[in-house]
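Some notes on the structure that comes next.
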Amino acid sequence: MFSLILISIIAALAAGVVAGNKNRNRAGWAIAAFFLPLLLIIVLVLSKKEASSENLSLRGERKCPFCAEDIKAAAITCKHCGKDLPEVKPICFRCGHEYPEGSNVCGNSACKS
């Protein structure tokens, strides 16, 4: 954390010097340069992770094969692009085997789902 603040201070000083040499507002540019790295880190920490196929399966969702948006696994038509979806048999996210007909439990004896 200390190194981040140190980097922000150095960036602020450098931006102030450069801004002054170009007849710009030193304080404004220094403040912007100080807070910009902190804001970028906050955005990176809070940004949403891309959903993996395992997470989609756990949430009962899948990706539309036409527009790649997240949709419900039982959907017949994509709510985003409006295309009819092909029927997909449920697959175990742990072992990759298809579930037996009418079951929501993996039929692979080696799998613990």
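Coordinate-derived values only; no laboratory data. Just so you know, these numbers come straight off a predicted model, no measurement behind them. Counting neighbours? That spans all protein chains shown, and the Cβs are built from the backbone with ideal geometry, glycine included.
For the chain, lysine pairs separated by 8 or more sequence positions, or belonging to different chains, with Cα-Cα distances below 21 Å total 12. Annotation: amide H of Glu61 within the under-5 Å range of Ala73, sequence separation 5 or more or interchain, hydrogens built in the peptide plane. Relative to the longest principal Cα axis of the chain, at what angle does helix 26-46 sit, 0 to 90 degrees, rounded to 10? That works out to roughly 20 degrees. From the coordinates of this entry, Rg and Dmax of the Cα atoms in Å is computed, and it appears in (1) 17.8, 79; (2) 31.3, 100; (3) 25.4, 74 under the label (3). Amide H contacts of His97: Cys92, each under 5 Å away and 5 or more positions distant or on a separate chain (H built 1.01 Å from N in the peptide plane; Pro and chain starts excluded).
Run the dipole for the chain about the Cα centre, Lys and Arg Cβ at +1, Asp and Glu Cβ at -1, nothing else charged, and hand back the magnitude in debye, nearest 20. Working shown, then result.
Working: 14 positive and 9 negative charges, 111 e Å.
Result for the chain is approximately 540 debye, rounded to the nearest 20.
Summing +1 for each Lys or Arg and -1 for each Asp or Glu among the other residues whose beta-carbon sits under 12 angstrom from that of Ala15 gives +3. Couplings for the range 78-91, taken from phi via the Karplus curve 6.51 cos²θ - 1.76 cosθ + 1.60 with θ = phi - 60°, read 6, 6, 8, 10, x, 7, 6, 9, x, 5, 10, 7, x, 10 Hz in order; Gly and Pro are left as x.
Once the Cα atoms are used to define both axes, helix 2-21 deviates from the longest principal axis of the chain by about 50 degrees.
Can you show me the helix-derived [θ] at 222 nm for the chain, built from DSSP H runs with n ≥ 4 at -39,500 (n - 2.57) apiece and divided by the number of residues, rounded to the nearest 500.
Working: 3 runs with 47 residues, N = 113.
After summing the helix terms and dividing by residue count, I get -13500 deg cm²/dmol.
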